[in-house]
Amino acid sequence: MAAVKSMNKLYEVCVHAARRTAGLKASRLLQHRAFRVGAVQRQQPFDSSLEKPQFPGASAEFVDHLEFIQPNVISGIPVYRVMDRQGNIIDPSQDPQLSKEQVLNFYQKMTLLNTMDRILYESQRQGRISFYMTNYGEEGTHIGSAAALDPEDIVFGQYREAGVLMYRGFPLDMFMAQCYANADDLGKGRQMPVHYGSKDLNFVTISSPLATQIPQAAGAAYALKRENMNRAVICYFGEGAASEGDAHAGFNFSATLECPIIFFCRNNGYAISTPTNEQYRGDGIAARGPGYGMLSIRVDGNDVFAVYNATKEARRRAVAENQPFLIEAMTYRIGHHSTSDDSSAYRSVDEVNYWDKQDHPISRLRHYMTARNWWSEDDEKSWRKQSRKTVMEAFEKAEKRLKPNIELMFTDVYQEMTPNLNKQRDAMWRHMKQYKEHYPFELFDKEPISQ
(Lines give C-alpha, C1' and ligand atoms only; values in the text may rest on other atoms or scores of the structure.)
Protein backbone atom coordinates (compact mmCIF):
# COMPACT_ATOMS: atom_id res chain seq x y z
CA MET A 1 0.00 0.00 0.00
CA ALA A 2 2.86 2.36 0.90
CA ALA A 3 4.42 1.61 -2.46
CA VAL A 4 1.17 2.59 -4.24
CA LYS A 5 0.95 5.88 -2.32
CA SER A 6 4.59 6.58 -3.17
CA MET A 7 3.92 5.94 -6.88
CA ASN A 8 0.84 8.24 -6.83
CA LYS A 9 2.90 10.99 -5.21
CA LEU A 10 5.62 10.59 -7.83
CA TYR A 11 2.99 10.72 -10.61
CA GLU A 12 1.57 14.00 -9.23
CA VAL A 13 5.04 15.54 -9.10
CA CYS A 14 5.74 14.51 -12.73
CA VAL A 15 2.41 15.89 -13.98
CA HIS A 16 3.04 19.20 -12.17
CA ALA A 17 6.54 19.42 -13.68
CA ALA A 18 5.24 18.63 -17.17
CA ARG A 19 2.55 21.29 -16.94
CA ARG A 20 5.09 23.84 -15.68
CA THR A 21 7.46 22.99 -18.56
CA ALA A 22 4.64 23.25 -21.12
CA GLY A 23 3.65 26.62 -19.69
CA LEU A 24 7.20 27.92 -19.95
CA LYS A 25 7.47 26.67 -23.55
CA ALA A 26 4.21 28.36 -24.49
CA SER A 27 5.35 31.59 -22.86
CA ARG A 28 8.67 31.49 -24.70
CA LEU A 29 6.88 30.73 -27.98
CA LEU A 30 4.66 33.78 -27.54
CA GLN A 31 7.71 35.89 -26.76
CA HIS A 32 9.46 34.55 -29.86
CA ARG A 33 6.46 35.43 -32.02
CA ALA A 34 6.24 38.93 -30.56
CA PHE A 35 9.98 39.63 -30.85
CA ARG A 36 11.03 37.48 -33.81
CA VAL A 37 14.35 38.46 -35.32
CA GLY A 38 14.21 40.37 -38.59
CA ALA A 39 10.53 41.33 -38.35
CA VAL A 40 9.50 44.68 -39.76
CA GLN A 41 7.45 45.54 -36.66
CA ARG A 42 8.13 44.20 -33.15
CA GLN A 43 5.28 44.08 -30.67
CA GLN A 44 6.27 46.07 -27.58
CA PRO A 45 5.59 45.01 -23.99
CA PHE A 46 2.12 46.07 -22.83
CA ASP A 47 2.07 49.18 -20.64
CA SER A 48 -1.39 50.53 -19.78
CA SER A 49 0.05 53.76 -18.37
CA LEU A 50 1.21 55.00 -21.77
CA GLU A 51 -1.21 57.22 -23.68
CA LYS A 52 -0.53 55.57 -27.01
CA PRO A 53 -2.16 52.74 -28.98
CA GLN A 54 -1.49 49.30 -27.55
CA PHE A 55 -3.26 47.39 -30.33
CA PRO A 56 -1.15 44.38 -31.42
CA GLY A 57 -2.11 44.69 -35.09
CA ALA A 58 -0.45 48.00 -36.00
CA SER A 59 2.20 50.51 -35.00
CA ALA A 60 0.73 54.02 -34.85
CA GLU A 61 -0.07 57.10 -32.81
CA PHE A 62 -3.43 58.51 -31.71
CA VAL A 63 -4.86 61.57 -33.50
CA ASP A 64 -7.75 63.76 -32.42
CA HIS A 65 -9.07 64.78 -35.83
CA LEU A 66 -11.06 62.82 -38.40
CA GLU A 67 -9.15 62.25 -41.63
CA PHE A 68 -9.28 59.45 -44.20
CA ILE A 69 -6.03 58.40 -45.84
CA GLN A 70 -5.87 59.42 -49.49
CA PRO A 71 -5.24 56.57 -51.97
CA ASN A 72 -2.13 58.30 -53.35
CA VAL A 73 -0.36 59.77 -50.33
CA ILE A 74 2.70 60.49 -52.46
CA SER A 75 3.02 61.74 -56.02
CA GLY A 76 3.88 58.27 -57.28
CA ILE A 77 6.55 55.64 -56.70
CA PRO A 78 9.52 56.61 -58.88
CA VAL A 79 10.77 54.42 -61.73
CA TYR A 80 14.38 53.30 -61.30
CA ARG A 81 16.47 53.30 -64.47
CA VAL A 82 20.12 53.11 -65.48
CA MET A 83 19.97 53.99 -69.19
CA ASP A 84 17.98 56.64 -70.98
CA ARG A 85 16.15 55.82 -74.21
CA GLN A 86 19.29 56.44 -76.27
CA GLY A 87 21.27 53.89 -74.25
CA ASN A 88 23.29 56.45 -72.29
CA ILE A 89 24.20 55.61 -68.68
CA ILE A 90 22.60 58.29 -66.51
CA ASP A 91 24.56 57.74 -63.28
CA PRO A 92 27.91 55.92 -63.69
CA SER A 93 27.62 54.52 -60.16
CA GLN A 94 24.59 52.50 -61.32
CA ASP A 95 26.34 50.97 -64.33
CA PRO A 96 26.50 47.20 -63.62
CA GLN A 97 29.89 47.11 -65.38
CA LEU A 98 29.07 44.02 -67.38
CA SER A 99 31.66 42.71 -69.82
CA LYS A 100 31.26 42.97 -73.57
CA GLU A 101 30.58 39.23 -73.74
CA GLN A 102 27.80 39.49 -71.15
CA VAL A 103 26.13 42.42 -72.89
CA LEU A 104 26.33 40.70 -76.28
CA ASN A 105 24.76 37.62 -74.72
CA PHE A 106 21.91 39.78 -73.38
CA TYR A 107 21.34 41.27 -76.82
CA GLN A 108 21.54 37.99 -78.70
CA LYS A 109 19.11 36.27 -76.33
CA MET A 110 16.64 39.16 -76.59
CA THR A 111 16.76 39.21 -80.39
CA LEU A 112 16.70 35.40 -80.67
CA LEU A 113 13.54 35.38 -78.57
CA ASN A 114 12.10 38.04 -80.86
CA THR A 115 12.91 35.97 -83.95
CA MET A 116 11.43 32.80 -82.45
CA ASP A 117 8.26 34.73 -81.60
CA ARG A 118 7.82 35.96 -85.15
CA ILE A 119 8.24 32.53 -86.69
CA LEU A 120 5.96 30.72 -84.24
CA TYR A 121 3.33 33.45 -84.41
CA GLU A 122 3.21 33.11 -88.19
CA SER A 123 3.11 29.32 -87.91
CA GLN A 124 -0.03 29.59 -85.78
CA ARG A 125 -1.60 31.95 -88.29
CA GLN A 126 -0.90 29.31 -90.94
CA GLY A 127 -2.61 26.64 -88.83
CA ARG A 128 0.57 24.70 -88.08
CA ILE A 129 0.30 25.07 -84.30
CA SER A 130 -2.85 25.73 -82.29
CA PHE A 131 -1.89 28.72 -80.15
CA TYR A 132 0.93 31.14 -79.35
CA MET A 133 1.81 34.13 -77.18
CA THR A 134 4.58 36.55 -78.16
CA ASN A 135 6.93 38.46 -75.86
CA TYR A 136 7.36 41.58 -78.02
CA GLY A 137 8.46 44.58 -75.98
CA GLU A 138 9.08 42.66 -72.76
CA GLU A 139 12.41 41.04 -73.63
CA GLY A 140 14.32 43.27 -71.21
CA THR A 141 12.31 42.07 -68.22
CA HIS A 142 13.11 38.45 -69.08
CA ILE A 143 16.82 38.66 -69.75
CA GLY A 144 17.68 41.28 -67.13
CA SER A 145 16.02 39.32 -64.34
CA ALA A 146 17.19 35.89 -65.47
CA ALA A 147 20.82 37.04 -65.61
CA ALA A 148 20.67 38.24 -62.00
CA LEU A 149 19.57 34.89 -60.59
CA ASP A 150 21.54 31.85 -59.51
CA PRO A 151 20.95 28.80 -61.75
CA GLU A 152 19.70 26.89 -58.69
CA ASP A 153 16.99 29.46 -57.95
CA ILE A 154 13.47 28.25 -58.72
CA VAL A 155 11.39 30.04 -61.34
CA PHE A 156 7.59 30.18 -61.37
CA GLY A 157 6.45 31.77 -64.61
CA GLN A 158 3.09 32.92 -65.87
CA TYR A 159 3.05 32.47 -69.66
CA ARG A 160 5.15 35.32 -71.04
CA GLU A 161 8.59 34.47 -69.66
CA ALA A 162 10.09 32.37 -72.46
CA GLY A 163 13.19 34.56 -72.39
CA VAL A 164 13.96 33.50 -68.81
CA LEU A 165 13.98 29.86 -69.85
CA MET A 166 15.99 30.68 -72.98
CA TYR A 167 18.63 32.51 -70.93
CA ARG A 168 18.96 29.45 -68.69
CA GLY A 169 19.83 27.31 -71.68
CA PHE A 170 16.55 25.77 -72.80
CA PRO A 171 17.25 24.69 -76.41
CA LEU A 172 15.28 25.96 -79.40
CA ASP A 173 14.47 22.34 -80.21
CA MET A 174 12.65 22.02 -76.89
CA PHE A 175 10.69 25.25 -77.40
CA MET A 176 9.55 23.95 -80.77
CA ALA A 177 8.82 20.46 -79.47
CA GLN A 178 6.55 21.91 -76.79
CA CYS A 179 4.64 24.16 -79.19
CA TYR A 180 4.22 21.28 -81.66
CA ALA A 181 3.45 18.78 -78.87
CA ASN A 182 5.66 16.21 -80.56
CA ALA A 183 7.45 13.13 -79.22
CA ASP A 184 10.40 15.21 -77.96
CA ASP A 185 8.21 17.44 -75.79
CA LEU A 186 9.16 17.16 -72.11
CA GLY A 187 5.48 17.51 -71.25
CA LYS A 188 4.60 14.60 -73.59
CA GLY A 189 2.13 16.66 -75.57
CA ARG A 190 -0.25 17.23 -72.69
CA GLN A 191 -0.04 21.03 -72.48
CA MET A 192 -1.10 23.95 -74.67
CA PRO A 193 1.70 25.67 -76.60
CA VAL A 194 3.95 28.09 -74.60
CA HIS A 195 3.34 26.16 -71.37
CA TYR A 196 7.01 25.33 -70.95
CA GLY A 197 8.79 23.69 -68.05
CA SER A 198 12.18 22.19 -67.24
CA LYS A 199 13.08 20.30 -64.09
CA ASP A 200 16.79 20.45 -64.97
CA LEU A 201 16.66 24.24 -65.27
CA ASN A 202 14.52 24.73 -62.14
CA PHE A 203 11.67 26.22 -64.17
CA VAL A 204 8.30 25.02 -62.89
CA THR A 205 5.90 24.08 -65.68
CA ILE A 206 3.53 26.89 -66.60
CA SER A 207 -0.19 26.38 -66.00
CA SER A 208 -3.02 28.36 -67.57
CA PRO A 209 -5.12 29.34 -64.51
CA LEU A 210 -4.23 32.91 -63.67
CA ALA A 211 -2.07 33.63 -60.59
CA THR A 212 -2.07 30.08 -59.20
CA GLN A 213 1.74 30.15 -59.33
CA ILE A 214 1.92 32.96 -56.74
CA PRO A 215 0.95 31.01 -53.58
CA GLN A 216 2.76 27.96 -54.98
CA ALA A 217 5.94 30.03 -55.24
CA ALA A 218 5.47 31.23 -51.66
CA GLY A 219 5.30 27.63 -50.49
CA ALA A 220 8.42 26.69 -52.44
CA ALA A 221 10.30 29.65 -50.95
CA TYR A 222 9.25 28.64 -47.45
CA ALA A 223 10.55 25.12 -48.11
CA LEU A 224 13.90 26.53 -49.25
CA LYS A 225 14.08 28.63 -46.10
CA ARG A 226 13.35 25.61 -43.90
CA GLU A 227 16.12 23.68 -45.61
CA ASN A 228 18.53 26.65 -45.34
CA MET A 229 19.69 26.12 -48.93
CA ASN A 230 20.77 29.69 -49.84
CA ARG A 231 18.42 29.60 -52.80
CA ALA A 232 15.62 31.93 -53.78
CA VAL A 233 12.37 31.75 -55.72
CA ILE A 234 11.29 34.23 -58.35
CA CYS A 235 7.64 34.41 -59.31
CA TYR A 236 6.54 36.25 -62.46
CA PHE A 237 3.05 37.60 -63.08
CA GLY A 238 1.28 40.48 -64.79
CA GLU A 239 -0.58 43.41 -63.29
CA GLY A 240 -3.85 41.69 -64.19
CA ALA A 241 -2.91 38.58 -62.21
CA ALA A 242 -2.21 40.83 -59.21
CA SER A 243 -5.98 41.40 -59.00
CA GLU A 244 -6.55 37.71 -58.25
CA GLY A 245 -7.08 36.53 -54.68
CA ASP A 246 -4.11 34.18 -55.07
CA ALA A 247 -1.83 37.23 -55.21
CA HIS A 248 -3.00 38.37 -51.78
CA ALA A 249 -2.48 34.90 -50.33
CA GLY A 250 1.01 34.61 -51.81
CA PHE A 251 2.11 38.07 -50.71
CA ASN A 252 0.80 37.65 -47.18
CA PHE A 253 2.22 34.16 -46.67
CA SER A 254 5.63 35.24 -47.92
CA ALA A 255 5.76 38.29 -45.67
CA THR A 256 4.53 36.62 -42.49
CA LEU A 257 6.65 33.50 -43.00
CA GLU A 258 9.65 35.61 -44.12
CA CYS A 259 10.37 33.72 -47.33
CA PRO A 260 13.30 34.26 -49.74
CA ILE A 261 11.20 35.18 -52.77
CA ILE A 262 11.11 37.85 -55.47
CA PHE A 263 7.67 38.73 -56.79
CA PHE A 264 8.31 40.09 -60.28
CA CYS A 265 5.35 41.92 -61.80
CA ARG A 266 5.46 42.72 -65.52
CA ASN A 267 3.17 45.74 -65.72
CA ASN A 268 2.74 45.88 -69.50
CA GLY A 269 -0.31 48.12 -69.63
CA TYR A 270 -2.99 45.58 -70.50
CA ALA A 271 -4.55 42.46 -68.96
CA ILE A 272 -5.66 41.04 -72.29
CA SER A 273 -7.90 43.99 -73.26
CA THR A 274 -8.29 45.59 -69.81
CA PRO A 275 -6.11 48.71 -69.46
CA THR A 276 -4.48 49.55 -66.14
CA ASN A 277 -6.89 52.43 -65.42
CA GLU A 278 -9.69 49.86 -65.32
CA GLN A 279 -7.59 47.25 -63.50
CA TYR A 280 -6.76 49.25 -60.35
CA ARG A 281 -7.12 52.71 -58.82
CA GLY A 282 -3.99 52.86 -56.65
CA ASP A 283 -0.40 53.60 -57.64
CA GLY A 284 0.29 50.39 -59.53
CA ILE A 285 1.50 47.15 -57.99
CA ALA A 286 4.66 48.30 -56.18
CA ALA A 287 2.51 50.46 -53.89
CA ARG A 288 0.93 47.31 -52.47
CA GLY A 289 4.22 45.97 -51.12
CA PRO A 290 4.43 48.10 -47.95
CA GLY A 291 0.90 47.04 -46.97
CA TYR A 292 2.13 43.45 -46.79
CA GLY A 293 5.42 44.39 -45.13
CA MET A 294 7.46 43.78 -48.29
CA LEU A 295 10.31 45.86 -49.68
CA SER A 296 9.29 47.13 -53.10
CA ILE A 297 10.75 48.89 -56.10
CA ARG A 298 9.49 50.08 -59.47
CA VAL A 299 11.90 49.79 -62.39
CA ASP A 300 11.99 50.67 -66.07
CA GLY A 301 11.33 47.27 -67.62
CA ASN A 302 12.66 48.46 -70.98
CA ASP A 303 16.06 49.08 -69.36
CA VAL A 304 17.71 45.67 -69.10
CA PHE A 305 20.41 47.04 -66.76
CA ALA A 306 17.86 48.49 -64.33
CA VAL A 307 16.04 45.15 -64.24
CA TYR A 308 19.34 43.35 -63.72
CA ASN A 309 20.46 45.62 -60.85
CA ALA A 310 17.12 45.48 -59.05
CA THR A 311 16.76 41.72 -59.34
CA LYS A 312 20.34 41.05 -58.32
CA GLU A 313 20.06 43.14 -55.16
CA ALA A 314 16.63 41.73 -54.32
CA ARG A 315 17.95 38.22 -54.75
CA ARG A 316 21.00 38.90 -52.55
CA ARG A 317 18.91 40.32 -49.73
CA ALA A 318 16.09 37.80 -50.05
CA VAL A 319 18.56 34.97 -49.37
CA ALA A 320 20.64 36.79 -46.76
CA GLU A 321 17.71 38.23 -44.79
CA ASN A 322 14.91 35.74 -45.51
CA GLN A 323 12.38 38.25 -46.68
CA PRO A 324 10.25 38.80 -49.80
CA PHE A 325 10.74 41.54 -52.37
CA LEU A 326 8.32 43.00 -54.90
CA ILE A 327 9.62 44.33 -58.22
CA GLU A 328 7.24 46.10 -60.58
CA ALA A 329 8.78 46.33 -64.04
CA MET A 330 7.05 48.98 -66.13
CA THR A 331 6.97 47.89 -69.76
CA TYR A 332 4.60 47.59 -72.71
CA ARG A 333 3.07 44.61 -74.49
CA ILE A 334 3.66 45.43 -78.15
CA GLY A 335 2.07 42.27 -79.51
CA HIS A 336 -1.46 40.98 -79.14
CA HIS A 337 -2.22 39.21 -75.87
CA SER A 338 -2.20 35.94 -77.78
CA THR A 339 -3.17 34.56 -81.16
CA SER A 340 -6.77 34.54 -79.85
CA ASP A 341 -6.69 38.33 -79.43
CA ASP A 342 -6.91 41.34 -81.76
CA SER A 343 -5.55 44.31 -79.82
CA SER A 344 -6.54 46.78 -82.55
CA ALA A 345 -10.03 46.61 -81.04
CA TYR A 346 -8.93 48.37 -77.86
CA ARG A 347 -5.78 50.41 -78.62
CA SER A 348 -4.49 52.57 -81.45
CA VAL A 349 -1.76 51.80 -83.95
CA ASP A 350 -0.01 55.04 -82.97
CA GLU A 351 0.19 53.90 -79.35
CA VAL A 352 1.78 50.60 -80.29
CA ASN A 353 4.17 52.23 -82.78
CA TYR A 354 5.46 54.62 -80.13
CA TRP A 355 6.68 51.78 -77.91
CA ASP A 356 7.88 49.69 -80.84
CA LYS A 357 9.89 52.46 -82.52
CA GLN A 358 10.88 54.86 -79.72
CA ASP A 359 11.14 52.95 -76.45
CA HIS A 360 11.98 49.33 -77.17
CA PRO A 361 14.32 47.39 -74.84
CA ILE A 362 16.20 45.83 -77.76
CA SER A 363 16.89 49.12 -79.53
CA ARG A 364 17.94 50.75 -76.24
CA LEU A 365 20.54 48.06 -75.59
CA ARG A 366 21.70 48.25 -79.19
CA HIS A 367 22.31 52.00 -78.76
CA TYR A 368 24.44 51.21 -75.70
CA MET A 369 26.55 48.65 -77.61
CA THR A 370 26.92 50.84 -80.70
CA ALA A 371 28.23 53.75 -78.64
CA ARG A 372 31.02 51.47 -77.36
CA ASN A 373 31.82 50.05 -80.82
CA TRP A 374 30.69 46.62 -79.64
CA TRP A 375 28.12 46.20 -82.41
CA SER A 376 27.91 47.36 -86.02
CA GLU A 377 25.36 47.31 -88.78
CA ASP A 378 27.20 44.37 -90.36
CA ASP A 379 27.08 42.51 -87.04
CA GLU A 380 23.34 43.14 -86.91
CA LYS A 381 22.68 41.81 -90.41
CA SER A 382 24.86 38.77 -89.86
CA TRP A 383 23.29 37.92 -86.50
CA ARG A 384 19.72 38.38 -87.72
CA LYS A 385 20.39 36.06 -90.66
CA GLN A 386 22.12 33.48 -88.47
CA SER A 387 19.49 33.53 -85.73
CA ARG A 388 16.63 33.16 -88.21
CA LYS A 389 18.38 30.20 -89.84
CA THR A 390 18.86 28.55 -86.42
CA VAL A 391 15.22 29.03 -85.46
CA MET A 392 13.98 27.77 -88.82
CA GLU A 393 16.08 24.62 -88.55
CA ALA A 394 14.56 23.82 -85.14
CA PHE A 395 11.12 24.68 -86.50
CA GLU A 396 11.39 22.33 -89.47
CA LYS A 397 12.77 19.52 -87.32
CA ALA A 398 9.89 19.82 -84.84
CA GLU A 399 7.27 19.89 -87.57
CA LYS A 400 8.49 16.61 -89.04
CA ARG A 401 8.68 14.80 -85.70
CA LEU A 402 6.02 12.25 -84.74
CA LYS A 403 3.43 12.96 -82.05
CA PRO A 404 3.88 11.32 -78.60
CA ASN A 405 2.86 7.72 -78.09
CA ILE A 406 -0.91 7.55 -77.58
CA GLU A 407 -0.48 5.42 -74.45
CA LEU A 408 1.19 8.36 -72.68
CA MET A 409 -2.22 9.84 -71.92
CA PHE A 410 -2.60 7.16 -69.24
CA THR A 411 0.85 7.38 -67.60
CA ASP A 412 2.54 9.56 -64.96
CA VAL A 413 -0.42 9.60 -62.57
CA TYR A 414 0.00 6.31 -60.73
CA GLN A 415 3.13 4.23 -60.32
CA GLU A 416 1.15 1.26 -61.62
CA MET A 417 -1.88 1.43 -63.87
CA THR A 418 -5.10 1.15 -61.88
CA PRO A 419 -7.95 -1.17 -63.00
CA ASN A 420 -10.16 1.72 -64.08
CA LEU A 421 -7.36 3.23 -66.20
CA ASN A 422 -6.67 -0.14 -67.80
CA LYS A 423 -10.37 -0.40 -68.60
CA GLN A 424 -10.40 3.06 -70.16
CA ARG A 425 -7.27 2.31 -72.20
CA ASP A 426 -8.76 -0.93 -73.55
CA ALA A 427 -11.97 0.88 -74.48
CA MET A 428 -9.99 3.57 -76.29
CA TRP A 429 -8.08 1.05 -78.37
CA ARG A 430 -11.25 -0.85 -79.31
CA HIS A 431 -12.85 2.41 -80.44
CA MET A 432 -9.81 3.58 -82.41
CA LYS A 433 -9.37 0.26 -84.17
CA GLN A 434 -13.05 0.13 -85.06
CA TYR A 435 -12.88 3.62 -86.60
CA LYS A 436 -9.25 3.54 -87.65
CA GLU A 437 -9.92 5.53 -90.83
CA HIS A 438 -10.40 8.59 -88.57
CA TYR A 439 -7.19 8.09 -86.57
CA PRO A 440 -3.83 8.57 -88.37
CA PHE A 441 -1.79 6.10 -86.29
CA GLU A 442 1.23 6.62 -88.56
CA LEU A 443 1.67 10.15 -87.14
CA PHE A 444 2.22 8.89 -83.60
CA ASP A 445 5.37 7.56 -82.00
CA LYS A 446 5.32 3.82 -81.28
CA GLU A 447 8.35 3.56 -79.02
CA PRO A 448 7.70 1.26 -76.01
CA ILE A 449 6.75 3.13 -72.84
CA SER A 450 8.72 2.45 -69.68
CA GLN A 451 6.56 2.41 -66.57
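The values are calculated or read from the model by the stated rules, or taken from the named source; none is laboratory data. Just so we're clear, the structure is a prediction, and the values are computed from it rather than from any experiment. For accessibility, only protein heavy atoms count, side chains too; no ligands or nucleic acids. Shrake-Rupley method; radii C 1.70, N 1.55, O 1.52, S 1.80 Å.
General observations
- Per the Kirkwood formula applied to alpha carbons, segment 180-321 shows a radius of gyration over Rh ratio, Rg over Rh, of 0.98.
- Surface accessible to a 1.4 Å probe, per residue, for the residues of segment 316-449, Å²: 64 Å²
- According to the calculation over all Cα-Cα pairs in segment 312-451, the P(r) per 5 Å bin from zero is 2, 6, 8, 8, 9, 10, 10, 11, 11, 10, 8, 5, 2, 0 %.
- Applying a threshold of 28 Å to the alpha-carbon distances of K389/K446; K225/K312; K109/K188; K357/K385; K381/K403; K199/K433 flags K389/K446; K381/K403; K199/K433 as lying beyond it.
- Apportionment of accessible area to carbon and sulfur, the chain, percent (1.4 Å): 53 percent
- By the Cα gyration tensor, the chain has an equivalent ellipsoid whose semi-axes, rounded to whole angstrom, run 46, 36, 21 from largest to smallest.
- Per-residue ³J(HN,Hα) for segment 90-106, Karplus 6.51 cos²θ - 1.76 cosθ + 1.60, θ = phi - 60°, Hz, x for Gly and Pro: 7, 10, x, 5, 9, 5, x, 6, 7, 6, 4, 5, 5, 5, 4, 5, 4
- Only protein heavy atoms count here; on that basis, with a 1.4 Å probe, H65 has an accessible area of about 100 Å².
- Among R425, R401, R85, the sequence by solvent-accessible area, most first, with a 1.4 Å probe is R85, R401, R425.
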